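This report concerns only the one structure given below.
The values are calculated or read from the model by the stated rules, or taken from the named source; none is laboratory data. A quick note: this is a predicted structure, and the numbers were derived from the prediction, not measured. Heads up, the Cβs are rebuilt from the backbone with ideal geometry, glycines too, and the neighbour counts pull from every protein chain shown. Just so you know, the surface numbers come from the protein's heavy atoms only, side chains and all, with ligands and any DNA or RNA stripped out. Shrake-Rupley method; radii C 1.70, N 1.55, O 1.52, S 1.80 Å.
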Amino acid sequence: MSLRLKVVASLVENGARLADIGSDHAFLPTFLIEEGRIDFAVAGEVVKGPFEIAKTHVQKSGLEDHIHVRLANGLAAIEAADQIDTIVIAGMGGLLISEILEAGVKKIKPNMRLILQPNNHEDTLREWLIEHQFAIKTEKIVYDAEKFYEMIVAEPAGEKMKLSELDLKFGPYLRREKSDIFVQKWTKEIHTQEYILSSLPDQTMSKYAEVEAYLLQLNEVLS
Ligand code: SAM
């Protein structure tokens with residue numbers, strides 16, 4: 001299993017009742033059950049091909065009693081009887097994760113914890129969480145197969161967490177922790193933006209001021 005998914009797995013509490021939405025081949029629930037970390041999971045998948053592969057994979061592992069593979073759109077995979085307390089949505093864009101949460105928001109109960117791993121648009125996802133009164137509890141960042149991945153753990157809070165623009169963009173915990181991986185991710189972005197700036201033909205273009213302002217923000221976060 002990839003380092004990315006191993007870090008997602010590390011955020012699942014022992015004994016959790018897990019719904020892995022967009023499970024693809026059901027690698028995450030299979031890993032957690034084989035490690036003895038959890039005993040029950042739902043693997044939801046909306047596309048028939050991966051759903052069939054996940055089903056076969058779970059059957060071959062002899063885990064049908066522990067992992068219920070369901071062909072379903074988003075949180076529709078979750079049934080009340082499952083008593084799910086942890087929802088993982090990993091390996092998709094932040095916009096799609098926000099849409100899945102929005103469509104299934106009624107399924108998210110006060111005792112549930114969300115473990116989200118957006119591949120991009122992390123800021124949009126954080127905004128969705130705050131608007132819907134979730135508190136961000138933990139964040140992680142990893143570098144795997146030449147890409148940076150952020151993970152966000154959130155729980156229903158009953159009130160809006162106050163986050164600044166920098167918190168939304170860079171992560172309230174990640175930007176304060178400033179791990180080596182975090183610094184590498186945003187240093188790479190500084191280089192990209194500096195290149196863009198140097199390629200702009202005219203300093204009076206509105207794009208120029210936009211990139212300059214973004215560079216100031218990036219340097220502020222890394223300072
Ligand atoms: N979660 C796994 C991981 O992190 O490695 C698989 C990620 S894979 C790139 C994304 C999976 O989400 C695909 O199998 C896709 O079919 C599924 N997916 C996309 N939208 C979905 C939705 N609305 N409901 C359930 N699954 C969805």
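How about the stretch 1-11: which of its residues are exposed (fewer than 15 other Cβ atoms within 10 Å of the Cβ) and either part of a helix (DSSP H, G or I) or more than 10 Å from the ligand (Cβ to nearest atom) (or both)? Break it down into steps so the answer makes sense when it comes.
Residues of the stretch 1-11 that are exposed (fewer than 15 other Cβ atoms within 10 Å of the Cβ), as a first pass: 1-3, 6, 10.
Passing the criteria: LEU3, LYS6, SER10.
So which of LEU125, LEU166 is part of a helix (DSSP H, G or I), more than 14 Å from the chain's Cα centre (by Cα) and at pLDDT 95 or above?
On the way: LEU125 fails: more than 14 Å from the chain's Cα centre (by Cα).
LEU166 is the lone residue from the list that is part of a helix (DSSP H, G or I), more than 14 Å from the chain's Cα centre (by Cα) and at pLDDT 95 or above.
Yes or no, residue by residue, for (1) open to solvent by less than 50 Å² (accessible area, probe 1.4 Å); (2) not hydroxyl-bearing (Ser, Thr, Tyr):
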residue	(1), (2)
THR192	no, no
LEU197	yes, yes
THR204	no, no
ALA213	no, yes
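ASN14 falls short of the stated requirement of being assigned by TED's automatic domain parsing to the domain that holds LYS137 and near the ligand (Cβ under 9 Å from one of its atoms).
Just to verify a result, which residue in the stretch 31-50, among those that are within 17 Å of ASP82 (Cβ to Cβ) and not aliphatic (A, V, I, L, M), is farthest from the ligand (Cβ to nearest atom)? Break it down into steps so the answer makes sense when it comes.
At the first step, the residues of the stretch 31-50 found to be within 17 Å of ASP82 (Cβ to Cβ) are 32-33, 38-45.
Restricting the remaining residues to those that are not aliphatic (A, V, I, L, M) gives 39-40, 44-45.
Numbers: ASP39: 20, PHE40: 18, GLY44: 5, GLU45: 5 Å.
Of everything passing the filter in the stretch 31-50, ASP39 is farthest from the ligand (Cβ to nearest atom).
If you check LYS109 against the conditions, is it surrounded by fewer than 21 Cβ atoms within 10 Å (Cβ to Cβ) and of a type outside the set (A, V, I, L, M, F, W, C)?
Values: surrounded by fewer than 21 Cβ atoms within 10 Å (Cβ to Cβ): yes; of a type outside the set (A, V, I, L, M, F, W, C): yes.
Here the answer is yes, as LYS109 does meet what is asked.
Taking the numbered list (1) outside the structural domain of ILE97 (by TED's automatic domain parsing); (2) part of a helix (DSSP H, G or I); (3) without any contact (Cβ under 8 Å) to a residue 40 or more places away in the chain in turn, PRO201 passes all entries but (2). Count of the stretch 118-151 residues, restricted to those that are small (Gly, Ala, Ser) and surrounded by 15 or more Cβ atoms within 10 Å (Cβ to Cβ), is 1.
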